[in-house]
Amino acid sequence: MKAMKKAKNFIVAVLSIMALMIPGTPVLADGVDGDSTQDKPYLSLGADLKEDEKETVLNLLGLSNTDLSGYDVITITNEDEHKYLSEYLSANVIGSRALSSVLVKSKESGYGVVVTTKNISYCTTGMYRNALLTAGITDADIVVAGPFSITGTAALVGAMKAYEVMTGEKISQESMDAATNELVVTGEIADNIG
């Protein structure tokens, strides 16, 4: 049964990657209407950012400290990362500090999920997009940034939390697990094919 589940997850990940490789393939999901979300964009900051690192991240996101009052802002801790990701990622990938941050702006219905990364070394834009679509995020502009080259795992947890804040809907543990597992399987496939 466990082997069958792994095989199914592998097939889903391969099909997702293949879809992303075909030019013009829409990457949309049903569920969340971009017009029904809150007006404020959502910002999740890594809780372990030093002040100069936070300034770098905000700059990469096109923001400053004075802009933060216009955003729903939370922090993601390293404990949050381990809580949601340790079943899927090794401790050395997660690390010991939550640094990656994510800016999520709701978009109109049909926009899709557009992901941009800055200073993220492990998670690719396609990996984030697939994981976020699996979690239920459908219409959003997402920018993930780190103060320097880092894996980006805190931002994944932060983006999923954004969905909950922006829609008022809780992501089911099953959806969170599927999204995280998809991220990991996609990463393993990418590593295996170089």
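Past 20 Å, Cα to Cα: identify those pairs from Lys40/Lys170; Lys118/Lys170; Lys105/Lys161; Lys83/Lys107; Lys50/Lys161, in the order given.
From the list (Lys40/Lys170; Lys118/Lys170; Lys105/Lys161; Lys83/Lys107; Lys50/Lys161), the Cα-Cα distance tops 20 Å for Lys118/Lys170; Lys83/Lys107; Lys50/Lys161.
What order do Thr153, Thr134, Thr66 take when sorted by accessible area (1.4 Å probe), most exposed first?
Correct descending sequence by accessible area is Thr66, Thr134, Thr153.
What net charge is computed for the residues neighbouring Ile150, neighbours being all others with C-beta under 12 Å from the C-beta of Ile150, Lys and Arg scored +1, Asp and Glu -1?
Net of charged neighbours comes to -1.
If each of Thr75 and Asn59 carries a label point 7 Å out from its Cα toward its Cβ, how far apart are those two points in nm?
It works out to 2.1 nm between the two label points.
The values are calculated or read from the model by the stated rules, or taken from the named source; none is laboratory data. A quick note: this is a predicted structure, and the numbers were derived from the prediction, not measured. Glycine gets a Cβ as well: all are built from the backbone with ideal geometry, and neighbour counts include every protein chain shown. Surface areas here come from the heavy atoms of the whole protein model, side chains and all, with no ligands, DNA or RNA. Shrake-Rupley method; radii C 1.70, N 1.55, O 1.52, S 1.80 Å.
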